Amino acid sequence: MFEVREKPELVERALLVRLFFDPREEEESGALLEELGELVSTLHIGVVEKVLVRCREMHRKFLCGTGKAAELVELAKAHECDCIVFDNQLAPSQQREWERAANMSVIDREEVILDIFARRAQTKEARLQVELARMQYALPRMARMWRHLDREGGSGGSAGGGAAARGMGEKQIEVDRRMAHVRIDRARRELEDVVKQRATQRKEREKMETPHGAIVGYTNSGKSTLLNKLSGADVFAKDMLFATLDTTTRKIELPDGQPLLITDTVGFVRNLPHRLVEAFKATLEEAVLADFLIHVLDATSLEIERFHETTLKVLGELGAVDKRTITVLNKTDLITDPERFAELRQLYPDALLISAVSGLGLEALLQKCSEVMADRVRRWRYRIPQSRADLIGMLHRDAKVLSTEYEENDILVTAVVPAAIAGRLEEFAVV
């Protein structure tokens, strides 16, 4: 896996900082800082303190003023931190200035998310997507990786030695940049091949005309747990942000006997780096191509409205916001306050109340899926001679047999039949 840049091998203590410039953004900035704490904890880094800083204006060097920057550096040193983590996006030059002033690793929200994605990606597609995003992020930051050549050259004591060393460093930077561009191009080509393979797989699914639903929602809302409960799958699910990054599709059966492919997608998050949205287009296109969406909301979250808006915003960027959508309030078994429960019902009057852990409301969810896909149901009744055991076998193998009756030398079969095999049975259909 490509490394973004040199960092200490062991980071144990971090100071978290968010700078905001509009007083009206204070509440949301505080919530984002708390979310950053969860993201950093996902990397098993201890958070010693979170600092929310209001700045009157944006500065070019540190983003904040030099006086405030000095205060934050002293605070980090007082806590014996290994790292300062900013919720704000830092330009490469600002990142270098902070590290020079603090003499410790300084990273931003984007790098935190990139590191999480790098650890969690399992499939070839996800790994390629993450590698591509990491290399694009690292490219403008490569200059800092060769500062040690300047120090080595300076030890000779002559201006000429220093200049020679800088020349070596500059040449090495150019070599690394060329290599990075080559790797970026290769990753893009490999990703295109993977996307083509996925397109082929989708065409095979479409031939069977099996309906397809995608589970979407904010990260840690319970999407993977819901897929596991509905399908009996064993997708990794844990109470943490970005517990799973890979797309998983399982086949389930709806109450009317209709088969349904259901896909768990990567969770959304506020301020998701744009390059990651682009990198994960191939994964998220499952939401675009699905027949309908199941939008999972965490009923226990105090920021449920913001999370709802974030998911709709990303779906809008993907061109999927107008799809038929079933909204579900998950974890409702944990809501004990009647007033909060009533508030949620008012906010989302059409939402289904479920618990992916206990199974509460899942029968109603499956029934709703059947209703949404009612126009895709193809239920047929056939009169098939008992001598055509091959057709009976095909129905049991490739369709959903609802009932079987025997009448003289014929077998009367009622079944939900995929269009792919319906033509072979057309002459036996009972009108």
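Read the figures in this text as sums done on the coordinates, not as results from a lab. For clarity, every value in this text was computed on a predicted model and none was experimentally measured. A quick note on method: Cβ atoms are made from the backbone with ideal geometry, for glycine too, and the neighbour counts reach across all protein chains shown.
Of the GluC sites (Glu not before Pro) in segment 32-127, which ones lie in a loop per DSSP and count no more than 15 other C-beta atoms within 10 Å? Of the GluC sites (Glu not before Pro), the ones in loops of segment 32-127 whose Cβ has at most 15 other Cβ atoms within 10 Å are GLU57, GLU80. A Förster distance of 51 Å, applied to the separation of the beta-carbon atoms of GLU371 and ALA70, puts the FRET efficiency at 0.25.
Using DSSP to define loop residues, name the trypsin sites (Lys or Arg not before Pro) in segment 42-73 whose beta-carbon has at most 15 other beta-carbon atoms within 10 Å. Here the trypsin sites (Lys or Arg not before Pro) that fit, given the DSSP loop and packing criteria, are ARG56, ARG60, LYS61.
With bins 5 Å wide beginning at 0, the percent of Cα pairs of segment 10-126 falling in each bin runs 2, 12, 22, 24, 20, 11, 5, 3, 1, 0. Per-residue 3J(HN,Hα) values for segment 345-353, derived from phi via the Karplus relation 6.51 cos²θ - 1.76 cosθ + 1.60 with θ = phi - 60°, read 5, 6, 5, 10, x, 9, 6, 8, 9 Hz in sequence order (x marks Gly and Pro).
Each Lys and Arg Cβ is given +1 and each Asp and Glu Cβ -1; about its Cα centre, segment 13-120 then shows a dipole of about 360 debye.
Close amide H contacts of PHE268 (hydrogens built in the peptide plane, cut-off under 5 Å, sequence separation of 5 or more or a different chain): GLY217, TYR218, THR219. Calculation over all alpha carbon pairs of segment 378-428 in 10 angstrom steps from 0 returns a P(r) of 27, 65, 8 percent.
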